[in-house]
Each structure stands twice: as structure tokens, then as C-alpha cells.
1. What dipole magnitude, in Debye to the nearest 20, does the protein assembly as shown give about its Cα centre under +1 on Lys/Arg Cβ and -1 on Asp/Glu Cβ?
2. Treating only the Cβ atoms of Lys and Arg (+1) and Asp and Glu (-1) as charged, compute the dipole magnitude of segment A:28-140 about its Cα centre; round to the nearest 20 debye.
3. Before rounding to the nearest 500, sum -39500 (n - 2.57) across all DSSP H runs of length at least 4 in chain A and divide by the residue total; then give [θ] at 222 nm in deg cm²/dmol.
4. In whole Hz, what ³J(HN,Hα) sequence does segment B:20-31 give by Karplus (6.51, -1.76, 1.60; θ = phi - 60°), x for Gly and Pro?
5. Classify segment B:57-141: rounded, prolate or oblate, from the alpha-carbon gyration tensor (a ≥ b ≥ c, eigenvalue square roots; a/c under 1.5 rounded; otherwise prolate if a/b is larger than b/c)?
6. Taking a ≥ b ≥ c as the square roots of the Cα gyration tensor eigenvalues, with a/c under 1.5 meaning rounded and otherwise prolate when a/b beats b/c, else oblate, which class fits chain A?
7. For the protein assembly as shown, what is the convex hull (Cα atoms) projected area averaged across all directions, in square nanometres?
8. What range in chain A is the longest one free of trypsin sites (Lys or Arg not before Pro) that are in a loop by DSSP and have at most 16 other Cβ atoms within 10 angstrom?
Amino acid sequence: MTGLWVVVGTLVAGLLVGALLHRRNGRIRTTAEPAGESAELPEPVTAALAPGSAVTLVQISTTFCAPCRQTRALLSHLAERTEGLHHVDLDVTDRPHVAQELGVLRTPTTVAYTSEGREILRVGGVPKGPDLLAALGPHLVPEVERGSH
Amino acid sequence: MAAGPAVDPRGPRFAAAVTTVVLAVVLVTGWWPLLAAQTVVFAIGAFIGLRPAPYSVLYRALVAPRLAPTSEREDAAPLRFAQTVGFVFALVGTLGYAGGVTALGVVATAFALFAAFLNAAFNFCLGCEVYLLARRFTPRTEHTS
């Protein structure tokens with residue numbers, strides 16, 4: 001009899017968690033301005049930032065992640081047809097400390113950085129293209145020519 | 001070891017549904033030999049390959065011929081990792097039931113049921129997405145796959 005209740009409880013918990021995850025998938029979280037000194041970014045991330053692009057999307061993936069593949073296809077397509085947007089897929093299967101330093105717990109997580117390495121926003125799960133573009137909009141506007149030095 | 005070729009994504013989904021039913025029956029009846037059998041099923045998928053895994057064989061024999069073929073493919077590596085996670089929980093559950101520590105058997109089986117159900121109902125692979133979380137607690141294990 002206990003077993004039956006365990007089954008019912010587990011399935012109800014599964015439904016709740018499943019619905020929650022489904023709702024949160026692709027949700028965009030804007031990163032607040034860092035209060036003090038911004039933490040140093042892990043080396044693979046700084047290496048991935050494209051100086052020529054206004055925004056770089058750093059996708060954190062692992063080999064064991066099915067939606068990462070889908071995310072990679074979506075984001076690389078988005079970057080191809082968007083001016084000033086660059087996409088990098090960072091596989092952290094064998095270097096989980098990178099994800100740890102970024103505070104990333106699930107994959108895929110996509111972090112958007114400015115060319116100076118300031119974090120703009122994060123998306124957990126498979127992003128929704130139009131929403132992501134809208135959120136990045138202000139950062140993608142071509143910057144006014146800066147005086148060359 | 002190579003994970004093997006990509007697969008029809010409906011196969012693993014079907015397998016997750018069968019797994020959900022099997023684990024629910026185990027919990028209701030407490031009949032641990034069935035859980036032992038499920039442990040073997042997980043082990044085949046995890047350590048031998050997805051193709052010879054019993055539920056995949058069942059899918060290809062009974063379900064696939066009735067469905068329109070799909071060109072959609074899913075990577076095998078995440079699926080095999082998920083089977084490994086399932087294997088660990090099912091093994092702990094079997095040992096719990098068989099060794100008289102029923103509470104351990106029930107809890108481990110419930111976790112496996114939870115993950116299989118999320119996979120079947122929402123196409124959400126819990127083990128895959130929290131791989132990083134798992135790694136956080138086992139920082140120095142070498143992974144070669």
C-alpha cells in the first residue's frame with residue numbers, strides 16, 4: 001500500500017517539476033550591474049569573446065546534453081544573420097570548473113557578454129530566438145565610431 | 001568508447017515510458033526481481049549500446065513499423081549517460097529490497113521513477129541536464145567516453 005502512495009507522490013512531483021521546467025525553459029534573466037569589482041572570467045570564456053562583435057553568446061554545453069545540440073543550431077543560425085552577434089559553444093564536460101566559476105548548474109546555459117566581457121544576460125535551456133534578440137537589442141545597436149588611438 | 005550512432009528520438013522516449021511503468025509496478029508490488037531485471041536493461045543500454053537494449057529492440061519490432069519514419073536524430077552520448085544514472089539507482093534499489101533495507105529500495109526506485117517519468121512525459125533528461133551539478137560533488141573523477 002505504501003508503494004502505491006510513493007508512486008502517486010512521485011508522479012505528482014514529476015508533473016510539478018516538469019511543468020515548472022517547461023515554463024522556465026528559455027527564460028531570459030538580465031544580469032544586474034555588478035556592485036563592486038566584477039569577478040574575473042574563466043580563461044576559456046575570455047578567449048571566446050569576439051572583440052569585433054558587440055555581443056558574444058557563450059553557450060555552456062556538455063557531451064551528455066541533448067538540448068545543447070538544438071541550442072547550438074539555433075544560436076549559430078541567429079549569429080550568422082545578426083550583425084554584431086557572435087556565438088561560441090563551450091563544451092565543459094572535461095572542465096566543469098569553468099561552469100562552476102560561472103555559477104552554471106545545468107546545460108545548456110547561454111551567457112551573453114559585451115566585447116569588454118561584461119555579462120548582459122543568461123538563458124537556461126533552449127533559448128527562444130526572437131525573445132533573445134529583443135533582449136539583446138540595445139546592445140546590438142552599432143556603437144558610435146570611437147576615436148581611434 | 002564511442003557512444004554509437006545517433007538514434008530516432010522516439011525510441012528513447014518509448015523506452016522511458018516502459019521504464020516508468022516497470023518502476024511503478026516495482027514500487028506497488030515490492031517485487032524486487034523485476035527491479036533486478038530493469039537494472040540489467042539499464043546496464044545493457046549504458047555499457048553495451050542502445051541498439052541491443054531490450055526496450056529499443058521492442059520499439060523497432062513493435063512501434064517503429066507503425067510510425068512514419070523520421071529523419072530526426074538524437075545523439076547517443078546523453079542517452080547512454082542517462083541509462084548509466086538509471087542503472088546506479090536501480091542497482092541501489094535492488095540491493096535495498098533484496099537486502100531487507102526496504103526503505104532504501106523504495107527511495108532509490110522512486111528517484112529512478114521520477115527521472116524516467118520526466119523523460120517520458122516532458123522529454124526532459126534529468127541526468128543530462130544536471131550532469132554539471134553531479135560533477136560538482138565528484139570533482140576529481142576522470143571521464144573517458
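1. 1100 debye
2. That gives segment A:28-140 a dipole magnitude of about 480 debye.
3. -13500 deg cm²/dmol
4. 4, 5, 4, 5, 5, 4, 4, 5, 5, 8, x, 7
5. In terms of gyration-tensor shape, oblate.
6. prolate
7. With the hull built on Cα positions only, its mean projection is 18.7 nm².
8. Working: sites that count: A:ARG27, A:ARG81, A:ARG118, A:LYS128, A:ARG146.
Between the exposed loop sites, the longest stretch runs A:28-80.
FYI, it's all coordinate maths here, none of it is from the lab. Please read all numbers here as calculations on a predicted model, not as lab measurements. When we count neighbours, we look across all protein chains shown, and the Cβ atoms used for this are built from the backbone with ideal geometry, even at glycine.
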